[in-house]
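**Q** Here it is, the structure, as structure tokens.
Derivation of every value follows stated rules applied to the coordinates shown; laboratory data play no part. Computed from a predicted model, the values in this text were never measured in an experiment. Heads up, the Cβs are rebuilt from the backbone with ideal geometry, glycines too, and the neighbour counts pull from every protein chain shown.
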Amino acid sequence: MNKNSNTYTFLYATILVVVVATALSLTATGLKSRQQKNIEVEKKQNILLSVHKAGGLDTVSDRSAYIEELYSRYIVEEYLVDAAGNKKEGDAFAMNMKTQYDIIREINASGVTDEEKAGLRSKLSLPVFVCRNDDGALKYIVPVYGLGLWGAIWGYLSLDGDFNTIYGAIFDHKGETPGLGAEIAFPAFFNQFEGKQLFKNGQFTSIRIVKGGAPAGDRHGVNAISGGTITSRGVEEMLKNCLTEYKPFFNVMM
């Protein structure tokens, strides 16, 4: 075939496109399981960080194996709870918290009747993870999900056995502004939650994110991020909305 002909050029380009597309498809397929594994490991790491059990990551050669070993050692139970706070069938780890957030957002939308709210709550399947510390004390971890300034924010909150006192917390985000809202993912922000309480005089209050700083000794408030007002408000709303739906579970366990 004449290599200078249009037919040759067309066939050569077609074959090249097919070969490259096939190679990319095979590569994507081969990497998919690895990517999914990385997502699972990151999720386990965040659950562990909420109970202070993922230290020393910078010193290990195999991060994934290290996280898997810690998770199997400390996370002793995973389950879902319904809107009444009772356990239900299902895979807690596989549950996508965004789907639960979408239901919660519908519940809190204006104009929703009590009957409609009850119907929406019947669809809830809220994950709970249980950690047993080396001293035998149990900590209960619940995921939270909401919206910041530029997109999704999420995190994990761990509670003492009184289901009132926060043992630890960790938050992350999709695209908050570096140096401002993105600060929710740093210890200087989420370490403030340790020791805070969700109930005041038996009434659920959640946690306030206080612009200008929470008063000294405030058991129910933390300092907002300077310059990150909308993201801070998003964290506050995320905690209130999600933890309100966990409240029946807390009451059952208290």
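**Q** All other residues with a Cβ under 15 Å from the Cβ of GLN45 taken together, and with Lys, Arg as +1 and Asp, Glu as -1, what is their net charge?
**A** Local charge sum for GLN45: -1.
**Q** Please build a GNM for the chain, connecting alpha carbons under 10 Å apart, and tell me which residue among ALA137, ALA92, ALA152 fluctuates the most.
**A** ALA137
**Q** If you don't mind, another one. Taking K and R as +1 and D and E as -1, what net charge do the other residues with C-beta under 14 Å from the C-beta of ALA118 add up to?
**A** Net charge in that neighbourhood comes out at -3.
**Q** May I ask you to list the trypsin sites (Lys or Arg not before Pro) in region 89-135 that are in a DSSP loop and have at most 16 other Cβ atoms within 10 Å of their Cβ?
**A** For trypsin sites (Lys or Arg not before Pro) across region 89-135 that sit outside H, G, I, E and B with at most 16 neighbouring Cβ atoms in 10 Å, the list reads LYS123.
**Q** Given the -39500 (n - 2.57) contribution per DSSP H run of 4+ residues, what per-residue ellipticity at 222 nm results for the chain, rounded to the nearest 500 deg cm²/dmol?
**A** Helix contribution divided over all residues of the chain: -14000 deg cm²/dmol.
**Q** Nearest 10 degrees is fine. How inclined is helix 229-253 to the longest principal axis of the chain, computing both from alpha carbons?
**A** Once rounded, one gets 60 degrees.
**Q** Next up: Can you find, among CYS242, ASN38, LEU157, the residue sitting farthest towards the positive end of the charge dipole of the chain, where Lys and Arg contribute +1 and Asp and Glu -1 at Cβ?
**A** Of CYS242, ASN38, LEU157, it is ASN38.
**Q** OK, next. In nm, give the distance between the simple-model label positions of ALA185 and SER61, each being 7 Å from the Cα along the Cα-to-Cβ direction.
**A** Going by the 7 Å Cα→Cβ label model, 2.9 nm.
**Q** Then there's this: Using θ = phi - 60° and the Karplus form 6.51 cos²θ - 1.76 cosθ + 1.60, what ³J(HN,Hα) does each residue of region 186-196 get, whole Hz, x for Gly and Pro?
**A** Result, rounded to whole Hz: 10, x, 4, 8, 6, 5, 4, 6, 4, x, 6.
**Q** Continuing with the same structure: With +1 on the Cβ of every Lys and Arg and -1 on the Cβ of every Asp and Glu, and nothing else charged, how large is the dipole of the chain about its Cα centre, in debye rounded to the nearest 20?
**A** 440 debye
**Q** With θ taken as phi - 60° and the coefficients 6.51, -1.76 and 1.60, list the Karplus ³J(HN,Hα) couplings across region 201-215 in order, rounded to whole Hz; mark glycine and proline as x.
**A** Values per residue, Gly and Pro as x: 6, x, 9, 5, 10, 6, 10, 8, 9, 9, 5, x, x, 6, x Hz.
**Q** If you don't mind, another one. Give, in whole angstrom and from largest to smallest, the semi-axes √(5λ) of the equivalent ellipsoid of region 92-150, with λ running over the eigenvalues of the Cα gyration tensor.
**A** Taking √(5λ) for each eigenvalue gives 29, 14, 10 Å, largest first.
**Q** Where a ≥ b ≥ c are the square roots of the eigenvalues of the C-alpha gyration tensor, would you call region 101-254 rounded, which needs a/c under 1.5, or, failing that, prolate if a/b is larger than b/c, or oblate?
**A** Oblate, since a/c reaches 1.5 and b/c is not below a/b.
**Q** For region 48-253, what is the relative contact order in percent, using Cα pairs closer than 8 Å and at least 6 residues apart in sequence?
**A** RCO, region 48-253: 19 percent.
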